[in-house]
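Below is one structure, written out as structure tokens; comments come after it.
The values are calculated or read from the model by the stated rules, or taken from the named source; none is laboratory data. Predicted, not measured: the structure shown is a model, and the values here were computed from it. FYI the Cβ positions are ideal-geometry reconstructions off the backbone, even for glycines, and counts take in every protein chain you see.
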Amino acid sequence: MKLQKSTLFLVLIAIILGGLVYLVEIRSEQQQQEITIQEQKLFNINVENIKRIIIQKSDTILEFIASDNSWQMIQPEKLIASDGVMAFLLDLIAEGKSDRILEIAPNQLSQYGLESPIATITIELNNGQQQQILLGKETIDPKLIYAQVITDNNKSTIEIVIVSKNWQYAIDRDLAEWQDSNI
């Protein structure tokens, strides 16, 4: 069986075009992933730049300030904060990510548990800027919760992110757990 030159030529063209399409798709997919990864980070904060953290829950307010080598709780009690507990919270602040962003109208906040959030975490930086994250209710997946990162933009819609439930675990602690056990 002998192939005609035109058939062989068409097969060769199809292989070359298929290879080009494959390369273009791979390259654009890699660029898309890089863009997506950058968009997923909740805060653009270095831990060294954090001066104060205030956690407001329905029944209590916890306030921490950074000192030379540790964190000090100043409200509701004055004590040295646990390095492990603070490291967990600081890691979430510096490296916390979201894989989904939802845009909602302001009147829909209650559907996501954000009209009366379970907690509000305020992060004050050394330069005086403040950023906040409000933690809402669980999603359909019990490992995830809704959250709202407060920014300075004045949009008619509100951006809601879906974050790990680790945010809730990081702040739902007894007062004794916040205290450094080495004291």
Pairs where the first residue, in segment 164-182, is among the acidic types (D, E) and the second is at pLDDT 85 or above and not in a helix (DSSP H, G or I), C-beta under 6 Å, 6+ apart | D180/I80; D180/S82
Take segment 42-59 and flag every residue that is free of Cβ contacts under 8 Å to residues at least 24 places away in the same chain and within 22 Å of L134 (Cβ to Cβ).
-> N44, D59
Residues that are at pLDDT below 90 and assigned to a strand (DSSP E or B), drawn from segment 132-151 | V149, I150
Taking segment 80-93 as the region of interest, how many residues are of a type in the set (G, A, S) and surrounded by fewer than 18 Cβ atoms within 10 Å (Cβ to Cβ)?
-> 2
Does at least one position in segment 88-102 carry a residue that is touching a Ser or Thr at 6+ places or on another chain (Cβ under 7 Å) and either among the aliphatic types (A, V, I, L, M) or within 17 Å of I50 (Cβ to Cβ) (or both)?
-> no
Please work out if S116 is at negative phi, in the same structural domain as I55 (by TED's automatic domain parsing) and either assigned to a helix (DSSP H, G or I) or among the aliphatic types (A, V, I, L, M) (or both).
-> no
When segment 42-53 is checked residue by residue, the ones that are buried (at least 18 other Cβ atoms within 10 Å of the Cβ) and closer than 15 Å to Q75 by Cα are I53
Would it be correct to say that I65 is loosely packed, with under 11 Cβ neighbours inside 10 Å, modelled with pLDDT of 85 or more and not aromatic (F, W, Y)?
-> no
Kindly check whether there is at least one residue in segment 102-113 that is in a loop (DSSP other than H, G, I, E, B), farther than 23 Å from S67 by Cα, charged (D, E, K, R) and out of contact with any Pro (no Cβ under 7 Å at 6 or more places or on another chain).
-> no
Does L144 qualify as being touching a Pro at 6+ places or on another chain (Cβ under 7 Å) and buried (at least 17 other Cβ atoms within 10 Å of the Cβ)?
-> no
Return the total of residues in segment 94-146 being without any contact (Cβ under 8 Å) to a residue 60 or more places away in the chain and either in contact with a Gly (Cβ under 6 Å, 6 or more places away or on another chain) or among the β-branched types (V, I, T) (or both).
-> 11
Would you say L109 is farther than 24 Å from K51 by Cα, buried (at least 18 other Cβ atoms within 10 Å of the Cβ) and among the hydrophobic types (A, V, I, L, M, F, W, C)?
-> yes
